[in-house]
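All remarks here apply to the structure that follows.
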Amino acid sequence: MPPIFFSIDCRHGILVHRHRFQHRLLGLSFPMSSTTHSSASRSTSTTRLRKQDDLEKILPKEVAEQTWEFDAADVARMLSPKKLKSSFPSSSEYGRSVDDPLKPPSLDDFHILVDDADVQQAFKEYLESHTLSYNPIQNTGELAHYDNLVVFLNDCVQAANNIYCTVLKSHRQSRSESQFLLAEMKEKYWPLLVFHKYNKDMGDGIDGAAPLKPDLAGTGTKVRPSTCYWKLPSDVSEQDQSRVAIKIAVEVKADWPKLLWQSATYGRAEMATIPLRSFSLVIAINHIKHDLRFLIFHHGGITATEALSLRDDDDRNKICLVMMSIIFWQTPADAGIPSFTDGTTFILPPLAQNDKDLSGYAEIKEVIHQSHSIRGRNTWVSSVGIVGLSHHSIVKTQSTLEDLSRHHLKDPKPRSQQSITEEALKSGSRTGMGTRTRSHAQQQNAAVSEKSRNHKQGSHALEQTQNRMANAVQPHKFHNMGAKFTMPSWKLTPGNLHEWSQISTGVLKGSWMYTEKISLEGHMLKACSGQFGSPDHIISFESCFEDGSPISNSIFLPSAKDKFEETLWNWQNKAHMPLPTKVDQRTLCFSLTKDRGETLEYCTDAMEILECILHSMLGWLSLYQNGFLHRDISIGNIIKLKSPSARKDFSALSVNKLLFQPPNSSLTSFETMRAAAGNDQARISILDLAQEVDKQAKKLTSGQMCKAIWIDGDMGADMSGYFKRSHDGTISGTYEFISQRLLDAVDDRLHYVHSPADDIESFFWVGLWSTLRNKNFSRIFTTEQRYAASLATGSTSREATASQIKLKSSFIAASRKQKEPYSDLFCTMAPVLGDWFTAINQLRFAVELENRDEEEEEDGEGHDIDPHLEEKLMLRFHRFAYRGVLDFMEIFEKHRERLQKMRV
């Protein structure tokens, strides 16, 4: 789960020049090209994010260069109900390899409702007999345009409704050859859509921020509402016509940059209200130029129609075409809302790979974490209770299952659709309009650019939102149309669980992953499930719609046949707009694990902090031994288990997997591995370190219950081919816990490759944070308060604090007996932190020293590049990993007796 702090995304590529290639892989840095994007995000507290203006400054940096524009006809197809063509490799074909997730489809891979001949004919005939008019006025004042704009938008809605009725009549008379079966007007997703003047504060704010203020509001009521909400309060009746949930926000302004980013605040609010949705929609109108754009906000950026002139007949018809696609929405899924959850229930895939009918029914108990942004992973985490099998349980609690589908299809049940008994289907009925939702406690998370961070201001958000586990909120319903599950395109399970009756509770995480990293976290979790210090994995899967298409933003992005320069929206009107290196394509993926916990800030004493760090560090090393690097060790990603759990004892014998390719199953001891290594001193030195780690682990943890684990593999990396493949551009981490060398590279916009030494240093910052910002110990001494604040105010302050603690560790430890001491925890931990920071600095020096030695070798004139460079670099990574863990273990052993006595 991603922490609610700073996350870094730095774009970089592998350079082929021998020196640059080599040095970057060793951790040395080189300047980024002018087209390389570097961004970072940090959550912002409610005290700092009170105004819409704040968000309007943040969001452009979050979205960056990922802004696209298309012809209105293309956008209408993007928004229309659609069905995956049978020619596309069906993601519901269960026999396909789970290791090979499908590439998300493009628009050309779908049957699209607005492309149907009868829809096109009805649209054409309507516009031949009706004229959509707009009466522009010359007044430059924004408010003077509202009435005319409301009239025009409602005329477009009425036109779309009339066309819908015509098509519906054609379907009833069986004259249509459509792939789709339309619902009655009163039964489709939005039975009624009416635009009104609004121009006042919303009834609710997002994340405790000041309410936003749309100019016009599309709602489900004919009467102009007195108050609109993003999420309707639970005490408001659905029959209340004066207080309603907004369906489409409309913004009116005089210039496009201001208009775009003010509209973006509404798009973000819509995503925050219904997490897991694939897109949100806002209408933006420039009243000076009399131009309109439909803006689609998705997790890879923004997609818009080209500017459509309200004064042009053809453009007004195009606006009507896009509006028609929206009016034709049949179910929540057409509006981008996954059908397998309604916000309070969740249908899980079957655990047994050959059992299609035994999907699991889960109740969402608490939303542990929900990050709010437009572009990004938008991680959502909840605790769930597994009630039983969906085809038994859901009928008892959801009376509307049969109506929740992405499309009302004429053809029989798709192979991927879970079976429901005919008796259950007959009892169902559709209720509600899909927009009434209950309020829940608000959280704060907004993204800012790395360039915009101010180290002196501090990270006030950390005070309020650092413990995601403790700030859980009650779930709320997204709609009243039930939940139904479709088999995912791929899934991964550890193989030891076969039925949902074996599980009662779990932690479910959804995240919008880069498409090329869809299965990464699942493989990380599966590789280490049940190992000491690692999560207990249940299942990971890619989400999909009922037609089998993965839930992705792919249809909103340029396709392979599109040229970036022709589809990029240059909203700033720059003379030379830099093109992105690639589109930000993302897919919604889920992982379910057994363990729930809390951050190390809730540890009760120094011994518990160090035990938790040790246990999770061994889990991190197990992950590394299985070929993965975590790359985001932070306070939010190391958790103390609510109840210590049995795990396999840690073993460093898995170093075999790292040193010998392919792994040799006959090498079952360090002695046999040394013999196999022969005179290879690099491998022998790693074996020495690994054996000592193994020895210490047996002494410190053998037979113990596991107390802490690592979580969240979103930013991880598969180490196979790490130095050869074209990197996706991410240097990952959480700002407050990133290594100093990596932070320096980010600040200087330099290339950098994340190594195990960076993760080891992140563990140190987690230990320091857990001490200085612990929830169970008050800090009355000014110096300690200053130290605690420094961890969130920038890398320079953080580094200075660690150095001061190292220098003063003996004095701090002795101050426990003074009249105004430091906190007991800080006094106890200071000597440990001082020794550990010394070890971190020694590791830093070793990394730099090895880099310099390699550089000197390569600087000799006529010296050929080492053909075994990649192997040397990987062995160096292995040495850093084992040395960093061993350093901590030896420090823990040095102080363990003292800490145990103080515990008593």
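The values are calculated or read from the model by the stated rules, or taken from the named source; none is laboratory data. All values reported here derive from a predicted model rather than from experimental measurement. No Cβ is skipped: glycine too gets one built from the backbone with ideal geometry, and neighbour counts run over all protein chains shown. With ligands, DNA and RNA removed, areas are computed over all heavy atoms of the protein, side chains included. Shrake-Rupley method; radii C 1.70, N 1.55, O 1.52, S 1.80 Å.
I163: closer than 25 Å to L292 by Cβ, β-branched (V, I, T) and buried (at least 22 other Cβ atoms within 10 Å of the Cβ), yes or no?
Yes.
Residues D147, D108: which one is outside any loop (DSSP other than H, G, I, E, B), modelled with pLDDT of 95 or more and acidic (D, E)? Just one listed residue meets the conditions, D147. Evaluating Y752 against the criteria (1) closer than 22 Å to F888 by Cα; (2) of a type outside the set (A, V, I, L, M); (3) touching a residue at least 24 places away in the same chain (Cβ under 8 Å) leaves one unmet condition, (1). Name every residue in the range 155-181 that is in a helix (DSSP H, G or I) and either of a type in the set (A, V, I, L, M, F, W, C) or more than 21 Å from E125 (Cβ to Cβ) (or both), in order of residue number. Of everything in the range 155-181, those that are in a helix (DSSP H, G or I) and either of a type in the set (A, V, I, L, M, F, W, C) or more than 21 Å from E125 (Cβ to Cβ) (or both) turn out to be C156, V157, A159, A160, I163, C165, V167, L168. Looking only at residues in the range 664-691 that are among the charged types (D, E, K, R) and open to solvent by 60 Å² or more (accessible area, probe 1.4 Å), the one that is farthest from F877 (Cα to Cα) is E671. For Y94, the stated conditions hold: it is at pLDDT below 85 and either over 21 Å from D255 (Cα atoms) or part of a loop (DSSP other than H, G, I, E, B) (or both). Taking the range 52-77 as the range and being open to solvent by less than 40 Å² (accessible area, probe 1.4 Å), over 20 Å from D314 (Cα atoms) and in a helix (DSSP H, G or I) as the test, the residues that pass are Q52, L55, E56, I58, L59, P60, E62, V63.
Hey, any hits in the range 580-593 for a residue that's open to solvent by 20 Å² or more (accessible area, probe 1.4 Å), among the aliphatic types (A, V, I, L, M) and without any contact (Cβ under 8 Å) to a residue 40 or more places away in the chain? No; the residues of the range 580-593 include none that is open to solvent by 20 Å² or more (accessible area, probe 1.4 Å), among the aliphatic types (A, V, I, L, M) and without any contact (Cβ under 8 Å) to a residue 40 or more places away in the chain.
Considering only residues in the range 291-315 that are in contact (Cβ under 8 Å) with a residue 60 or more places away in the chain and among the hydroxyl-bearing types (S, T, Y), the one that is farthest from G336 (Cα to Cα) turns out to be T305.
Report yes if some residue within the range 493-501 is in contact with a Leu (Cβ under 8 Å, 6 or more places away or on another chain) and buried (at least 24 other Cβ atoms within 10 Å of the Cβ); otherwise report no. Within the range 493-501, one or more residues are in contact with a Leu (Cβ under 8 Å, 6 or more places away or on another chain) and buried (at least 24 other Cβ atoms within 10 Å of the Cβ). Residues in the range 553-566 that are open to solvent by 10 Å² or more (accessible area, probe 1.4 Å) and either more than 20 Å from the chain's Cα centre (by Cα) or not hydrophobic (A, V, I, L, M, F, W, C) (or both): S554, P558, S559, A560, K561, D562, K563, F564, E565, E566. Of all residues in the range 385-398, at least one satisfies being assigned to a strand (DSSP E or B) and modelled with pLDDT of 95 or more.
Give the residue, chosen from R786, R816, that is at pLDDT 90 or above, assigned to a helix (DSSP H, G or I) and surrounded by fewer than 18 Cβ atoms within 10 Å (Cβ to Cβ).
R786
Among the residues of the range 746-783, those that are over 27 Å from L873 (Cα atoms) and outside any helix (DSSP H, G or I) comprise R773, N774, K775, N776, F777, S778, R779, I780, F781. Within the range 230-253, can one find any residue that is in contact (Cβ under 8 Å) with a residue 12 or more places away in the chain, buried (at least 21 other Cβ atoms within 10 Å of the Cβ), of a type in the set (D, E) and farther than 20 Å from G336 by Cβ? Among the residues of the range 230-253, not one is in contact (Cβ under 8 Å) with a residue 12 or more places away in the chain, buried (at least 21 other Cβ atoms within 10 Å of the Cβ), of a type in the set (D, E) and farther than 20 Å from G336 by Cβ, which makes the answer no. Of the residues screened, S86 is not one that is more than 25 Å from the chain's Cα centre (by Cα), among the polar types (S, T, N, Q) and modelled with pLDDT of 95 or more. For the range 123-143, the set of residues classified as in contact (Cβ under 8 Å) with a residue 60 or more places away in the chain and not in a loop (DSSP other than H, G, I, E, B) consists of F123, L127, listed by residue number.
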